[in-house]
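Presented below is the structure to which this report refers.
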Amino acid sequence: MSNYYNTILIVDDNPAILTALKICLAGVFTRIVTLSSTDRLVATMSEEKVDVVLLDMNFSLGVNTGQDGLFWLRTLKKLHPDTPVVLMTAYADVQLAVKGLKNGAADFVTKPWDNDELVRTLRDAVEKSREVVTLDELEQQHVHRVVDQCHGNMSKAAELLGITRQTLYRKLKG
């Protein structure tokens, strides 16, 4: 199983946290790359094939707005849209975490973390990023959503989708 989760990149300015995470994740990832600042983040991402990034939200001493984390999250999502990023914050700042999720984070964890929960969150992020949905599945999900929105009114759903009712029934059967 550990072969399946190859490389994690952890970015945190606290050396004690990096050490604790290395110990916690040693049995889960075959390779753990750590950065204590964001200086080499972009370069490291282009040099390594990373399965998931665990990114701290705050890097400026005394500034706990999470703006650094959001900036780097957006940068990573632009350069590596398929690599999941899990955010980490010492402050159980739900609004910040929600902002992160809206900016493309796969999930978030708060410090101090629960080891099992952290591992589960990282595994889920990697798994989700590896799921490939076929076009047919995507279309079927969309058709079902439209039918639900129309409260089962097939004529209205077919009209919204721009197809005949007959085609709609065929698509619903899959």
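Determine whether T75 is assigned to a loop (DSSP other than H, G, I, E, B), within 22 Å of L35 (Cα to Cα) and either open to solvent by less than 90 Å² (accessible area, probe 1.4 Å) or at pLDDT 90 or above (or both).
Values: assigned to a loop (DSSP other than H, G, I, E, B): no; within 22 Å of L35 (Cα to Cα): yes; either open to solvent by less than 90 Å² (accessible area, probe 1.4 Å) or at pLDDT 90 or above (or both): yes.
When the stated conditions are applied, T75 does not pass them.
Cβ-Cβ distances below 8 Å connect the following pairs, each with a first residue in region 9-34 that is under 17 Å from T121 (Cα atoms) and in a helix (DSSP H, G or I), a second residue that is hydrophobic (A, V, I, L, M, F, W, C) and open to solvent by 30 Å² or more (accessible area, probe 1.4 Å), and a separation of six or more residues or different chains: L21/I32; K22/I32; L25/I32.
So, in region 140-168, how many residues would count as being β-branched (V, I, T) and surrounded by fewer than 14 Cβ atoms within 10 Å (Cβ to Cβ)? Explain how you work it out, then say what you get.
From region 140-168, those β-branched (V, I, T) are 143, 146-147, 163-164, 167; that's our starting set.
Okay, now just the ones that are also surrounded by fewer than 14 Cβ atoms within 10 Å (Cβ to Cβ), so 164, 167.
Qualifying residue count, region 140-168: 2.
You will find that of E131, E117, E137, the residue that is under 15 Å from M88 (Cβ atoms), without any contact (Cβ under 8 Å) to a residue 12 or more places away in the chain and surrounded by fewer than 17 Cβ atoms within 10 Å (Cβ to Cβ) is E117 and no other.
Would you please name the residue that is modelled with the highest pLDDT, looking only at residues in region 82-93 that are over 14 Å from L54 (Cα atoms) and touching a strand residue (DSSP E or B) at 6+ places or on another chain (Cβ under 9 Å)? Give the derivation first.
First, the residues of region 82-93 that are over 14 Å from L54 (Cα atoms): 82, 91-93.
Narrowing the set further to residues that are touching a strand residue (DSSP E or B) at 6+ places or on another chain (Cβ under 9 Å) leaves 91-93.
Values: Y91: 59, A92: 55, D93: 67.
If we take residues in region 82-93 being over 14 Å from L54 (Cα atoms) and touching a strand residue (DSSP E or B) at 6+ places or on another chain (Cβ under 9 Å), then D93 is modelled with the highest pLDDT.
Against the numbered list (1) modelled with pLDDT of 90 or more; (2) within 17 Å of the chain's Cα centre (by Cα); (3) of a type in the set (A, V, I, L, M), A97 comes up short only at (1).
Count of region 102-144 residues, restricted to those that are assigned to a helix (DSSP H, G or I) and either under 27 Å from G27 (Cα atoms) or small (G, A, S) (or both), is 16.
The values are calculated or read from the model by the stated rules, or taken from the named source; none is laboratory data. Since this is a predicted model, take the numbers as computed values, not measurements. We place every Cβ from the backbone using ideal geometry, glycine too, and count neighbours over all the protein chains shown. Ligands, DNA and RNA are stripped out before the accessible areas are found, and what is left, the full protein with its side chains, is counted by its heavy atoms. Shrake-Rupley method; radii C 1.70, N 1.55, O 1.52, S 1.80 Å.
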